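The values are calculated or read from the model by the stated rules, or taken from the named source; none is laboratory data. In this text, all values refer to a predicted model and were calculated from it rather than measured experimentally. Virtual Cβ from ideal backbone geometry, glycine too; neighbours counted across all protein chains shown. Heads up: the accessible areas ignore ligands, DNA and RNA and are worked out on the full protein's heavy atoms, side chains in. Shrake-Rupley method; radii C 1.70, N 1.55, O 1.52, S 1.80 Å.
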Amino acid sequence: VKNVRVRVWVGTLAVAMIYVGAIDFVDIVLFSPRFTVRALSLALAFAFVQVVAIVLFVGGLFVRKWIGARRERRSLQLQRQIQEALAGVAIGQDELPRLRSLMERSRRDVEKGIGAAVATLLGDARTRLLTVSSALGIEQPDDRQRLDALFGAAAAGNLRRRAVLVEQLEHHALILAYDQIPRALASDDPSFVTAALDMLRAWKRMLPVPDVEKVLRHPDAAVRIRALQALPYVVNATHSAVFDALHDAHAEVRAAAAVAAGKLRLAELSDALVRALSDPARDVACAAAFALAVLPDGVAKLQQAVSGGNRPAAGAAFEALEKVTLGRMELA
Amino acid sequence: VSAYELFLRAFFFAEAFIIIYVAAINAIYLFLVVMGFFALERREPVPRRERDALLKSPLLPPVAILAPAYNEAMTCRDSVRAMLGLRYPNHEVIVINDGSTDDTLQILIDSFKLYRSGRMPTGSLPTKPIRAIYESRDPIRLIVIDKENGGKADSLNAGINVARAQLVCAVDSDSLMEEEALLYVVEPFLEDESTVATGGIVRVANGCRVEGGRVVEVRAPRHLIPIFQVIEYLRAFLGGRVAFSFLNSLLIISGAFGVFRRKAVLESGGFLTTTVGEDMEMVVRLHRLAREARRPYRIVFVPEPVCWTEVPENFRILKRQRNRWQRGTLDTLMIHKRMLFNPRYGVVGVFALPYFLFFEMLGPAVELTGYVMTIAGLLLGFIDPQLAILFFTVSLLFGVLLSMSAVVLEELTQRRYPAPGDLMRLFAGAVVENVGFRQLLMIWRTQGLIDGLRGKQGWGTMERRGFGSRP
């Protein structure tokens, strides 16, 4: 990000300097010797540079458009040939000379093509591709390295990168749950902890990750919220941690705890959820009401809350009851 | 020294000041356009595969689309359908019927099988009384709030109170949204969790082929007035806003399409109901609060087109619109005047706000004064005609260069006008708009400034056709 910012600044300042320099240069060379009034010569130089800039803009645009289209056509053609050669390798043909000649034209495209093919193929076809890849001098990481790299990219990247990679990682969820995820959860860096929790939440698979409960006591409220969101997908999650979270100082943590209680169907927490209906934060009250609505004796407790004297609690309870009655809990 | 000579000296001093002022405006604008170009060039396009993966991801935050509606009976059904049909895994639509006097509410009730719901507002922003909240019996996420008339800002506040999603997206109900608009504007929230607001490009829909509430074919408008506005929008969005966003000093997120972190808006006290520039005021307030609290934050402009709006095709409505925008800018600057030149507010205080004060707010008045003085000077023989013509030419060429840059920027980065004829039309418009149209806008904006200083309030008569959003 820093590099990008520096490049934008450098580019902008360079153009500004060229622009001012061009006006000065044109003024000195072309107009100053002919016009004695300084303002007039400067204005003419200015106008001259404007006209040249406009012509360059429009001309450059069309040239660039033409070059871009030509390059795109060539690249498409090359990619098609690479695909054909790789398909040949996959079915056992000798395509090495052809791939070598394609590599001379664009090493990057061949590397990309082989990388994508190795990632999607299995069995003999994949072995043949790996052999050709090493003959071409392109090193392919093994599965373990690949998985480590993918997980590393997802854990170290931002939420966007994680959201993109999470689907690919899901195929290896069980392996990751025994190794990389616990390591990330034990990390001192909150962003690694958050990343691991995000993955658990996104996969929505019941996994044996006992350390999630420990993270519920993390000093960072954002991490605690993520942990509560991931908790329903952890095998043997206990109610005590959620109970404590229902009394957290942060309203968002309390709301997340109420949601987790509902998802985990923690009937032991129904009394605590009834108390949460009167929480000063309305989001917490609503979350508690929706959680109660899915617990075994929750509907009766919601009905009691509706007829009770506490108006916000009654409002939240009424809304949850309405959603249950209309069968709209999924959309709530 | 005679009085006449003193007058002449004062005249030339004022004229020189105005020339330097106008040159400074244009130079800074050109600088912003160049910066915008480099910032856009460095931006890597999101591959289709990645976008598809994102659209399936459960990690995307929920978004509530807030669509205030006032007498939208003609279009509300199609608009709501288009909003519900946006490609995003987790969004709900909240229509706020702002005391419409036509059948807007009844049409929504009948079309989407609405029932009176017990949904509880969880936010506590003050608003006009809510009469009822409706939800659909169908498996769609649609909520309709029926409230007493209070204006757009009041409606948005009511919507924020009722919404429960982390992000709220304020839209104009007559805007046409891109199918993946929400994904584009949510991306900065995923990239940096300190992001509090994002906005995207609002494009001109005049001339485009529209089907089922979506723009299906992009064409340049046939008439001159909307063509000029296409160029103006491109210049404002691709040049100015990209650069301001790069400097984290973006002051305007268009009211037609902007996404905000709900928590941040609630903490800031919601949209201000006493100004016509509630979109700009909200963004400036978010800057102010974050900088006062010394919190890291980002307000980001997304260069991808997110929605299309119909711009005025006649001068009467255009004049009213520009007058309102100018008053909105003035309001915001007056409300947040203590941020001006204040280094405590970083680049917002020392660059963005002064830029808006001197160039966006006072600029038109100063430039107009320059035109009047030069013409008067010519007629009275104070100024050499050749020199006057030269300065007019320079000013014109600078304007043409800026407008052309915007079209070039569009073609280099977005390429939304595939037909070569359209591109030529835009280039022609970039030249012609500098002769007459720009000067006309200058007059209207100056009038807006005067109206604002006189305390004129209100949006004027609402007319659906031709009502656009601030570029």
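Got a sec? Which of B:F228, B:F237, B:F244 is within 14 Å of chain A (Cβ to nearest Cβ) and buried (at least 22 other Cβ atoms within 10 Å of the Cβ)? It would help to see each step written out before you state the result.
Values: B:F228 fails: within 14 Å of chain A (Cβ to nearest Cβ); B:F237 fails: within 14 Å of chain A (Cβ to nearest Cβ).
One residue alone meets the criteria, B:F244.
For (1) part of a strand (DSSP E or B); (2) under 17 Å from the mean Cα position of the chain (by Cα); (3) at pLDDT below 90; (4) closer than 17 Å to B:G85 by Cβ, each residue gets a yes or a no:
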| position | (1), (2), (3), (4) |
| --- | --- |
| B:C169 | yes, yes, no, yes |
| B:D174 | no, yes, yes, yes |
| B:E187 | no, no, no, no |
| B:L190 | no, no, no, no |
| B:E193 | no, no, yes, no |
| B:T198 | yes, yes, no, no |
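Starting from residues that are more than 10 Å from every other protein chain (Cβ to nearest Cβ) and under 19 Å from A:A47 (Cβ atoms), keep the ones in segment B:379-389 and report whichever is surrounded by the most Cβ atoms within 10 Å (Cβ to Cβ).
Across segment B:379-389, the extreme among qualifying residues is B:I383.
Considering only residues of segment A:275-325 that are within 13 Å of A:A258 (Cβ to Cβ) and of a type in the set (D, E), which is farthest from the other protein chains (Cβ to nearest Cβ)?
A:D279
Count, please, the residues in segment B:122-152 that happen to be farther than 22 Å from B:Q106 by Cβ, touching a helix residue (DSSP H, G or I) at 6+ places or on another chain (Cβ under 6 Å) and surrounded by fewer than 24 Cβ atoms within 10 Å (Cβ to Cβ).
Number of matching residues: 3.
Among the candidates B:V218, B:V186, B:V210, which residue alone is open to solvent by less than 40 Å² (accessible area, probe 1.4 Å) and away from every other protein chain (no Cβ under 14 Å)?
Working: B:V186 fails: away from every other protein chain (no Cβ under 14 Å); B:V210 fails: open to solvent by less than 40 Å² (accessible area, probe 1.4 Å).
From the options B:V218, B:V186, B:V210, the qualifying one is B:V218.
How do the pairs read when you match residues in segment A:124-152 that are in contact (Cβ under 8 Å) with a residue 60 or more places away in the chain with residues anywhere that are in a helix (DSSP H, G or I) and surrounded by 16 or more Cβ atoms within 10 Å (Cβ to Cβ), using Cβ under 8 Å and keeping only pairs 6 or more apart or on different chains?
Matching pairs, first to second residue: none at all.
Conditions tested, residue by residue: (1) part of a helix (DSSP H, G or I); (2) of a type in the set (D, E, K, R); (3) within 12 Å of another protein chain (Cβ to nearest Cβ).
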{"residue": "A:P33", "(1), (2), (3)": "no, no, no"}
{"residue": "A:S41", "(1), (2), (3)": "yes, no, yes"}
{"residue": "A:V55", "(1), (2), (3)": "yes, no, yes"}
{"residue": "A:L61", "(1), (2), (3)": "yes, no, yes"}
{"residue": "A:R64", "(1), (2), (3)": "yes, yes, yes"}
{"residue": "A:R70", "(1), (2), (3)": "yes, yes, no"}
{"residue": "A:S75", "(1), (2), (3)": "yes, no, no"}
{"residue": "A:Q79", "(1), (2), (3)": "yes, no, no"}
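Among the numbered criteria (1) crowded, with 20+ Cβ neighbours inside 10 Å; (2) at the interface with chain A (Cβ under 10 Å from one of its Cβ atoms); (3) in a helix (DSSP H, G or I), which single criterion is violated by B:L60?
(3)
So A:P33 fits all but one of (1) open to solvent by 70 Å² or more (accessible area, probe 1.4 Å); (2) more than 46 Å from the chain's Cα centre (by Cα); (3) modelled with pLDDT under 85; what number is the exception?
Condition not satisfied by A:P33: (3).
Which one of these does A:R265 not meet: (1) of a type in the set (D, E, K, R); (2) touching an Asp or Glu at 6+ places or on another chain (Cβ under 8 Å); (3) open to solvent by 70 Å² or more (accessible area, probe 1.4 Å)?
Unmet for A:R265, out of (1) of a type in the set (D, E, K, R); (2) touching an Asp or Glu at 6+ places or on another chain (Cβ under 8 Å); (3) open to solvent by 70 Å² or more (accessible area, probe 1.4 Å): (2).
So which residues in segment B:411-425 are within 11 Å of chain A (Cβ to nearest Cβ) and outside any loop (DSSP other than H, G, I, E, B), if there are any at all?
Once the filter is applied, which keeps residues that are within 11 Å of chain A (Cβ to nearest Cβ) and outside any loop (DSSP other than H, G, I, E, B), segment B:411-425 yields B:E411, B:L412, B:P420, B:L423, B:M424.
Filter segment B:390-448 down to the residues that are free of Cβ contacts under 8 Å to residues at least 60 places away in the same chain and under 27 Å from B:R324 (Cβ atoms), then identify the one that is most open to solvent (accessible area, probe 1.4 Å).
The residue in question is B:V435.
Restricting attention to segment B:356-391, which residues are assigned to a helix (DSSP H, G or I) and modelled with pLDDT under 85? Working first, answer last.
We begin by selecting, within segment B:356-391, every residue assigned to a helix (DSSP H, G or I); these are B:356-361, B:363-380, B:385-391.
Result: B:P385, B:Q386, B:L387, B:A388, B:I389, B:L390, B:F391.
So, in segment B:91-115, of the ones that are part of a strand (DSSP E or B), farther than 20 Å from B:N149 by Cβ and of a type outside the set (A, V, I, L, M), which residue ends up farthest from the other protein chains (Cβ to nearest Cβ)?
Top of the filtered list is B:H91.
Which residues, counting only those in segment B:214-249, are aliphatic (A, V, I, L, M), outside any helix (DSSP H, G or I) and either over 30 Å from B:P61 (Cα atoms) or without any contact (Cβ under 8 Å) to a residue 60 or more places away in the chain (or both)?
Within segment B:214-249, B:V216, B:V218, B:A220 meet the criteria.
In segment B:16-29, is there at least one residue being crowded, with 19+ Cβ neighbours inside 10 Å, hydroxyl-bearing (S, T, Y) and within 21 Å of A:V6 (Cα to Cα)?
Within segment B:16-29 (the criterion being crowded, with 19+ Cβ neighbours inside 10 Å, hydroxyl-bearing (S, T, Y) and within 21 Å of A:V6 (Cα to Cα)), the answer is yes, since at least one residue qualifies.
As an exercise: evaluate B:W444 against (1) aromatic (F, W, Y); (2) closer than 24 Å to B:P303 by Cβ; (3) assigned to a helix (DSSP H, G or I) and give the number of the one condition it does not meet.
B:W444 satisfies all of (1) aromatic (F, W, Y); (2) closer than 24 Å to B:P303 by Cβ; (3) assigned to a helix (DSSP H, G or I) except (2).
Quick one: which residue in A:R205, A:R217, A:R160 is part of a helix (DSSP H, G or I) and modelled with pLDDT of 85 or more?
Exactly one residue qualifies, and that residue is A:R160.
Test B:I96 against the stated conditions and say whether it is touching a Lys or Arg at 6+ places or on another chain (Cβ under 6 Å) and of a type outside the set (F, W, Y).
Considered against the rule, which asks whether it is touching a Lys or Arg at 6+ places or on another chain (Cβ under 6 Å) and of a type outside the set (F, W, Y), B:I96 comes out as no.
Can you spot a residue in segment A:193-205 that is exposed (fewer than 15 other Cβ atoms within 10 Å of the Cβ) and among the hydrophobic types (A, V, I, L, M, F, W, C)?
No, segment A:193-205 contains no residue that is exposed (fewer than 15 other Cβ atoms within 10 Å of the Cβ) and among the hydrophobic types (A, V, I, L, M, F, W, C).
Listed here are the residues, each with its yes/no results for (1) modelled with pLDDT of 85 or more; (2) at the interface with chain A (Cβ under 10 Å from one of its Cβ atoms).
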residue	(1), (2)
B:E5	yes, no
B:R9	yes, no
B:E15	no, no
B:M35	yes, yes
B:R43	no, yes
B:E50	no, yes
B:A53	yes, yes
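Name the residues in segment A:206-236 that are among the small types (G, A, S) and either open to solvent by 40 Å² or more (accessible area, probe 1.4 Å) or more than 20 Å from B:D192 (Cβ to Cβ) (or both), would you?
Matches in segment A:206-236: A:A222, A:A227, A:A230.
Considering only residues of segment A:149-175 that are open to solvent by 20 Å² or more (accessible area, probe 1.4 Å) and more than 14 Å from chain B (Cβ to nearest Cβ), which is nearest to the chain's Cα centre (by Cα)?
A:G152
Out of all the residues in segment A:43-53, which are without any contact (Cβ under 8 Å) to a residue 24 or more places away in the chain and facing chain B (nearest Cβ under 9 Å)?
A:A43, A:L44, A:F46, A:A47, A:Q50, A:V51
Just checking, which of B:V408, B:V394, B:V347 is at pLDDT 90 or above, assigned to a helix (DSSP H, G or I) and within 14 Å of another protein chain (Cβ to nearest Cβ)? Working first, answer last.
Values: B:V408 fails: at pLDDT 90 or above; B:V394 fails: at pLDDT 90 or above.
Going through B:V408, B:V394, B:V347 in turn, the sole match is B:V347.
From the residues in segment B:291-321 that are within 15 Å of B:F189 (Cα to Cα) and β-branched (V, I, T), which one is most open to solvent (accessible area, probe 1.4 Å)?
Looking at residues that are within 15 Å of B:F189 (Cα to Cα) and β-branched (V, I, T), I get B:V300.
Would you tally the residues in segment A:99-119 being under 15 Å from A:S134 (Cα atoms), open to solvent by 60 Å² or more (accessible area, probe 1.4 Å) and more than 32 Å from the chain's Cα centre (by Cα)?
1
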